[in-house]
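Mind looking over this structure? Questions follow.
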Amino acid sequence: MSTKLSGKVTIITGSGSGYGAGIATRFVAEGARVVIADLSGENAKKVAERLGCSWVQADVTKRLGWEAILKKAISTYGGVDVVVNNAGACYKNKPTLQVQESDFDLCMDVNARAILLSTSVIIPTMLVQNRGGSFIQIASTAADRPRPGLTWYSASKAAAVVATKSLAVEFAPHNIRFNSVCPVVGGTGMTHLFLGKEDTPENREAWLSSIPLGRFCQPADIANACAFLSSDDASFITGIDLKVDGGRCC
Ligand SMILES: NC(=O)c1ccc[n+]([C@@H]2O[C@H](COP(=O)([O-])OP(=O)(O)OC[C@H]3O[C@@H](n4cnc5c(N)ncnc54)[C@H](O)[C@@H]3O)[C@@H](O)[C@H]2O)c1
């Protein structure tokens, strides 16, 4: 067993499915002590039981949710070293004139406000621990290369990327690092929302044709990037947005 992340207490939001579950699987394999946090308690419990780690049902758009996550990390593992803000939300791709304020709020709350709350609730504990820390935001290639019909999802991911850079500079004196990972489209629970038209093999093929390496992103691709950025191998890396996109943004 590899020990790249040995002992690092890691909170992974939205890890009841998709990329988050993939990140959790890799982190446990690397020796991290993981808290699975998800809006779906049922999915969180399932993943945690499979991996033999801790879990908590929590809404990352609420301060109370973050307080419950922190409490779980401290009561189970005694602290917190890494936060992966992976939970995300999007409305179904549609012309911007049909987008409702509730669609906008959903994207901004889950994809941006959750980052504010994570820092506000978790950083005070990291400062007291005085052993640094690492935050990773799962943003999107949409932050850099938006596609039509996803304007406010893309804008919320751009907010995540820019906030990450600013936080990286502000908390560098405390050795708390902040990086973003930007996936291209994958085959997870959210993928059907991104497709503009019907979710047909032809439409998926059209998206695929925009990815030079010729395949969709897999949870393991995102997990590899997160494991590296959380490890001591990346101790001098902060403020980057790492594209995991098969060349889509070139
Ligand atoms: N799938 C893609 O093509 C793709 C591409 C680029 C970026 N992303 C990003 O990757 C991340 C993971 O998404 P995924 O593709 O694995 O989708 P997914 O739907 O499989 O997983 C998202 C998870 O987030 C959880 N979640 C949603 N709102 C929450 C809340 N308020 N509090 C706590 N948990 C909440 C869901 O319950 C779910 O388990 C997201 O941030 C998404 O924006 C996905």
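Read-outs throughout are calculated quantities, based only on the coordinates presented, and are distinct from any laboratory measurement. These numbers were taken from a predicted model, which means no experiment stands behind them. FYI the Cβ positions are ideal-geometry reconstructions off the backbone, even for glycines, and counts take in every protein chain you see.
Kindly list the number of the only condition in (1) aliphatic (A, V, I, L, M); (2) touching a residue at least 40 places away in the same chain (Cβ under 8 Å); (3) within 19 Å of D241 (Cβ to Cβ) that fails for V162.
The number of the failed condition is (2).
Considering only the range 184-191, I want to know if a residue exists there that is out of contact with any Pro (no Cβ under 8 Å at 6 or more places or on another chain), assigned to a helix (DSSP H, G or I) and within 16 Å of G132 (Cα to Cα).
For the range 184-191, residues out of contact with any Pro (no Cβ under 8 Å at 6 or more places or on another chain), assigned to a helix (DSSP H, G or I) and within 16 Å of G132 (Cα to Cα): absent.
Can you go through S17, S6 and tell me which one is more than 16 Å from the ligand (Cβ to nearest atom) and hydroxyl-bearing (S, T, Y)?
Sole residue among the options that is more than 16 Å from the ligand (Cβ to nearest atom) and hydroxyl-bearing (S, T, Y): S6.
Okay, moving on. Taking the stated definitions as given, is I136 of a type in the set (A, V, I, L, M), in a strand (DSSP E or B), touching a residue at least 40 places away in the same chain (Cβ under 8 Å) and within 15 Å of the ligand (Cβ to nearest atom)?
yes
Only residues in the range 143-155 that are among the small types (G, A, S) count as the first member; pair them with residues that are not in a loop (DSSP other than H, G, I, E, B), Cβ under 6 angstrom, at least 6 apart or cross-chain, and list the lot.
A143/K157; A143/A158; A143/V161; S154/A142
Ok, one more. Check whether at least one residue in the range 194-205 is more than 16 Å from the chain's Cα centre (by Cα), within 12 Å of the ligand (Cβ to nearest atom) and outside any loop (DSSP other than H, G, I, E, B), and report yes or no.
There is at least one residue in the range 194-205 that is more than 16 Å from the chain's Cα centre (by Cα), within 12 Å of the ligand (Cβ to nearest atom) and outside any loop (DSSP other than H, G, I, E, B).
Within the range 44-88, track down each residue that is within 12 Å of the ligand (Cβ to nearest atom), among the polar types (S, T, N, Q) and in contact (Cβ under 8 Å) with a residue 24 or more places away in the chain.
Of everything in the range 44-88, those that are within 12 Å of the ligand (Cβ to nearest atom), among the polar types (S, T, N, Q) and in contact (Cβ under 8 Å) with a residue 24 or more places away in the chain turn out to be T61, N85, N86.
Failed condition for Y91, given (1) closer than 19 Å to T119 by Cβ; (2) within 15 Å of the ligand (Cβ to nearest atom); (3) not aliphatic (A, V, I, L, M), with all others met?
(1)
Failed condition for L97, given (1) more than 23 Å from S166 (Cα to Cα); (2) touching a helix residue (DSSP H, G or I) at 6+ places or on another chain (Cβ under 9 Å), with all others met?
Single failed check for L97: (2).
So V28 fits all but one of (1) β-branched (V, I, T); (2) surrounded by fewer than 24 Cβ atoms within 10 Å (Cβ to Cβ); (3) in contact with a strand residue (DSSP E or B) (Cβ under 9 Å, 6 or more places away or on another chain); (4) in contact (Cβ under 8 Å) with a residue 40 or more places away in the chain; what number is the exception?
Going through the list (1) β-branched (V, I, T); (2) surrounded by fewer than 24 Cβ atoms within 10 Å (Cβ to Cβ); (3) in contact with a strand residue (DSSP E or B) (Cβ under 9 Å, 6 or more places away or on another chain); (4) in contact (Cβ under 8 Å) with a residue 40 or more places away in the chain, V28 breaks only (4).
Can you name every residue in the range 192-227 that is within 17 Å of R145 (Cα to Cα), among the polar types (S, T, N, Q) and without any contact (Cβ under 8 Å) to a residue 24 or more places away in the chain?
S209 - this is the single residue of the range 192-227 that is within 17 Å of R145 (Cα to Cα), among the polar types (S, T, N, Q) and without any contact (Cβ under 8 Å) to a residue 24 or more places away in the chain.
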